[in-house]
Amino acid sequence: MADHTVSPQVSPRKIKKPKTIRDMFLSLAVIIVPLLLLTWLYTNNLPDYPVQAVDPAPVVAQAREEAPFPIYAPAGLPIGEGGWTVTQASWVPRGGQARAGAGVSGTDEWLWGGLDQSKIYYAVNQSDDEPRTVIQRVSRDGSPDGSSAVAGQQWERWRSPDGRTRVLVLREDTYTLTVTADAPYEGLEALASTLSTD
């Protein structure tokens, strides 16, 4: 009688190849190439949103009518193509709706904002809030940095902790006036010299 039993087949043992530097680079490429592709897609293909210009005249007129202090706004700036673009003008009277939905305003506050020819944003802020509060807000908890003489008046200089934002401050009895930008003091002084109550 013939024996029909099947003997188990022994599979040859797999021998692992040692990892090479080439394998490491291939693994990194599998991870890095998609990340670089995604980064390129998201940074190079974003739509270019145009700057929205605003007419500050109606807001300036309202602020000058309602404010308990004289309202300063830039005058004589070249506006439009090749000049300044006014992007913000707001007046919030005491008891009115505060900016950014922060409830009811406890102060009177005027804000003008615009981009210069180099697309650097400048802000003129005027408020009857506590001077230190206004200064700390616009300078991002900055510190004193000297003074500037503009149109016969001494303005305090303030600089943010990272050194990027600079502020000129004029303290008066009933309000604090600031000019702010991520720009040299000379640019702030030039804008401050255009401020007028007319």
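A few comments on the model shown:
- Computed over the chain, the quotient of the alpha carbon radius of gyration and 2.2 N^0.38 Å is 1.90.
- Residue-wise HN-Hα coupling along the stretch 105-110, computed from phi with Karplus coefficients 6.51, -1.76, 1.60 (Hz; x: Gly, Pro): 6, x, 9, 9, 8, 10
- Across the stretch 151-166, rounded Karplus estimates of 3J(HN,Hα) from the backbone phi angles (6.51 cos²θ - 1.76 cosθ + 1.60, θ = phi - 60°) give 6, x, 10, 8, 9, 6, 9, 10, 10, 5, x, 8, x, 7, 8, 10 Hz, Gly and Pro being marked x.
- Think of each Lys and Arg Cβ as +1 and each Asp and Glu Cβ as -1; about the Cα centre, that makes the dipole of the chain roughly 1820 debye.
- For the pair residue 25 and residue 54 in one chain, pulling the backbone fully straight at 0.36 nm per residue adds 5.1 nm over the alpha carbon distance.
- Selection among 165, 78, 192 by position relative to the dipole of the chain gives 165 as farthest towards the positive end (Cβ unit charges, Cα centre).
- Interchain or long-range residues, amide H under 5 Å from residue 183's placed H: 166
- Taking the square roots of five times each eigenvalue of the Cα gyration tensor of the stretch 118-198, the equivalent ellipsoid has semi-axes of 17, 16, 12 Å, listed largest first.
- Among beta bridges that DSSP assigns inside the stretch 59-129, antiparallel share in %, nearest 5: 95
- If you take all other residues with their beta carbon under 13 Å from the beta carbon of residue 161, and give Lys and Arg +1 and Asp and Glu -1, the sum is +1.
- Karplus-derived 3J(HN,Hα) values for the stretch 88-98, using 6.51 cos²θ - 1.76 cosθ + 1.60 with θ = phi - 60°, are 8, 8, 9, 10, 10, x, 3, x, x, 6, 5 Hz; glycine and proline are entered as x.
- Kyte-Doolittle mean at least 1.0, axial Cα span of 27 Å or more - DSSP H helices of the chain: 21-44
- Carbon plus sulfur fraction of accessible area for the chain, probe 1.4 Å, in percent: 58
- The stretch 102-198 - accessible surface per residue (Å², probe 1.4 Å): 45
The values are calculated or read from the model by the stated rules, or taken from the named source; none is laboratory data. This one's a predicted model, so the numbers in the text were calculated from it and none came from an experiment. Because the Cβ atoms are built from the backbone with ideal geometry, glycine has one as well, and the counts that use them run over all protein chains shown. Ligands, DNA and RNA are stripped out before the accessible areas are found, and what is left, the full protein with its side chains, is counted by its heavy atoms. Shrake-Rupley method; radii C 1.70, N 1.55, O 1.52, S 1.80 Å.
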